[in-house]
Amino acid sequence: MLGRMMRGFRKYMMIVSMLLVAFLTHMSVCGAFIGGRKGIPAAKALFNSTPMAIFWCALLAVLLISLIAYPSLRKRPLMLAMHLGCCLIIGGGLWGSDWSHEHFKSEDIPRSRGVILLRSGEVSSMLFDEEMKSHERLPFTVRMLQTMATHYDNNPEGMVKDYYSTLQIWKDRQLVKMGTIEVNKPLYYGGYHFYQSTYGVDQFGAYSGLLVTSARGVAWVFAGYALIFGAMVVHFGAVLQRAVMRNESSGDSQAAAQEGAL
Amino acid sequence: MILKLDVQGALIYISMAGYFLALVTSLVKTKVSRVLFVLAFLTNAAALIYRGIHVQHLPMQNMFEVFLFLGFCIGPIHWMSGRLLHPRHSAFLAIDAVIALVVLFPAGFIFNHQPQSLPPALQCWLFGPHVAAYMLAYIFMAKAAVFAGAGLATSGDNLQSQKMLSEFSYLLIAAGFPMLTAGLFLGSVWGKLAWGDWWGWDPKELWSLVCWLVYVLYLHVRYGWPKSYRLQHALVLLGMAAIVITLLWVNLSKIFAGQHNYAS
């Protein structure tokens, strides 16, 4: 009786999880159109909205329940790792989302992302939102030592090759971190990454816009990705290896049968 | 239509001619078609290397280079899938020659091949692995879609053919899906390094997620309902449609403007 109920429950869980994946697929298509027409912030707002936060929690719950409800999943470590990896990505994404930063604020990480505009020699601890309308105080100070751009030698349009900014981070009047950032090479301090985001030159000289983003949840996400990818390589690698061995051992008789069937 | 009257264009056209002749001869003279296929692949490789030397960076930046690279992927995938599915079947060579012609045509006749310098965001060690993982995955999935299409065209009563075509599709997806995942993973790491977010809700990212999710659905249907061949074939074709949209529509139309626009 209990066994029959569990079988029914598992079938129901499988259908629910597939419906949730189908819904996410549908929402991703909608998000792509919204992002294309109204801009990426509109798509981001959709996926960070409270109804979608409920959806993400439901997806996470279904994945976790599946791990308990399906003994076959627990007995296959690679399948288990792939599903655990998905849980880590969704969990890390939720923990690092704008929604989470709004609802679970801390003094060290007052907001999920912001910008700091600085010229050479200037200091600031104010983290503005991307429209420069509101700001929060960071628990440390950023000093810009130098900012510059390099150009391609042989490019007739003078295309920029890279942008650089040398930064110092000061906390309690002590230098705690120093480094040169460039595109693709951020600096990490105090739960934040500092990025070379914008660059310009006006009558007062060169200035840089630093994008500052919280690193909350990122390690979970990358651990999840690594788990999924590693498990997939081993699992599907074994599937492919079995197929090659089957082909080699079956020889010409199977080959002839396949040729006929095709 | 842009005719490329230079060394770059000549190499692409020779390669296309080789694939075309390999296709024509595949059903009658298989040994000749294999030699032609190898020559076409080597010419495609030469076109890619020539491009790399000419632009002085990995030739994967814009649509022209991406399609040239897609053509190059056909060779290694042909030999690998030969070991997986059937080493000597002439129809497989013909399928690969057709895919090669389809992907080389835009490189040869549609996309502009004016050399471009790499913008700062693309100067990253992840640039090559991220794009290459996706391109290899796309070719595997394209091959899987051919078998899925054949499965849908075949009568549902012919269970032996349905099972075999479904198995071929599955094996190709088993090879391509980890690469699709690798592309997503590397893209996320790169997004965090370059733009500050591992996921930016950009249209191209969302369409890439759609591709991945469709294959996730396919794998679950295959594990849960292994004999639902027609549904599996339909999902493989849906996945391929999502890939075509991700690769072409998102980059070429103005509907999906976003952070990946430099690929246009």
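The values are calculated or read from the model by the stated rules, or taken from the named source; none is laboratory data. Just so we're clear, the structure is a prediction, and the values are computed from it rather than from any experiment. Reconstructed Cβ throughout: ideal geometry from the backbone, glycine too, with neighbour counts over all protein chains shown. Side chains included, ligands, DNA and RNA excluded: accessible areas come from the protein's heavy atoms. Shrake-Rupley method; radii C 1.70, N 1.55, O 1.52, S 1.80 Å.
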Percent relative contact order for segment A:116-160, counting Cα pairs under 8 Å at least six residues apart, stands at 34 percent
In this structure, the FRET efficiency calculated for A:Tyr152 and A:Arg242 from their beta-carbon separation, with R0 = 56 Å, to the nearest 0.05, is 0.65
Full extension between A:Ala53 and A:Trp95 adds, at 0.36 nm per residue less the Cα distance, a length in nm of 14.0 nm
Note: A:234-242 gets an average of partner chain Cβ contacts (10 Å, Cβ to Cβ) equal to 4
Among segment A:25-54, those whose backbone N falls under 15 Å of a label point 7 Å along Cα→Cβ from B:Lys254 are A:36-39
Magnitude of the Cβ-charge dipole (Lys and Arg +1, Asp and Glu -1) of chain A about the Cα centre, nearest 20 debye, reported as 1180 debye
Surpassing 22 Å at the alpha-carbon level, of the pairs A:Lys105/A:Lys133; A:Lys44/A:Lys133; B:Lys192/B:Lys254; B:Lys4/B:Lys31; A:Lys133/B:Lys204, are B:Lys192/B:Lys254; B:Lys4/B:Lys31; A:Lys133/B:Lys204
For chain A, whose charge dipole is built from +1 on Lys and Arg Cβ atoms and -1 on Asp and Glu Cβ atoms, the candidate among A:Ala61, A:Ser97, A:His193 with its Cα farthest towards the positive end is A:Ala61
Two pseudo-spin positions, 7 Å from Cα along C-beta at A:Trp170 and at A:Phe104, lie apart in nanometres by 3.4 nm
For A:Lys171, the aspartates and glutamates lying under 18 Å Cα to Cα, once residues fewer than eight places off in the same chain are dropped, come out as A:Glu107, A:Asp108, A:Glu122, A:Glu136
Of all trypsin sites (Lys or Arg not before Pro) in segment A:74-169, the ones in DSSP coil with at most 14 other Cβ atoms within 10 Å are A:Lys105, A:Lys133
At R0 = 25 Å the Cβ-Cβ FRET efficiency linking B:Lys163 and A:Ser72, nearest 0.05, sits at 0.65
Measuring from its Cα centre, chain B shows a charge dipole (+1 at each Lys and Arg Cβ, -1 at each Asp and Glu Cβ) which, in debye to the nearest 20, is 600 debye
With +1 at each Lys and Arg Cβ and -1 at each Asp and Glu Cβ, the charge dipole magnitude of the protein assembly as shown around its Cα centre, to the nearest 20 debye, comes out at 1540 debye
Computed over segment B:183-264, protein heavy atoms only, probe 1.4 angstrom, the accessible area per residue in square angstrom equals 36 Å²
Expected unfolding gain across B:Val98-B:Met1 under the 0.36 nm per residue rule, minus the alpha-carbon gap, is 32.9 nm
For A:Ser120, placing the label point 7 angstrom along Cα-to-beta-carbon and taking segment A:137-176, residues whose amide nitrogen sits under 11 Å are A:145-149, A:166
Among the DSSP H helices of chain B, those whose Cα atoms extend at least 18 Å along the helix axis and whose mean Kyte-Doolittle hydropathy is 1.0 or higher are B:7-25, B:30-55, B:63-84, B:90-105, B:127-153, B:229-244
Label model pair B:Gln114, A:Lys177: point-to-point distance (7 angstrom along the Cα→beta-carbon line) in nm is 4.1 nm
For chain B, averaging the sequence separation of alpha carbon pairs under 8 Å that lie six or more residues apart and dividing by its residue count, the contact order in percent is 18 percent
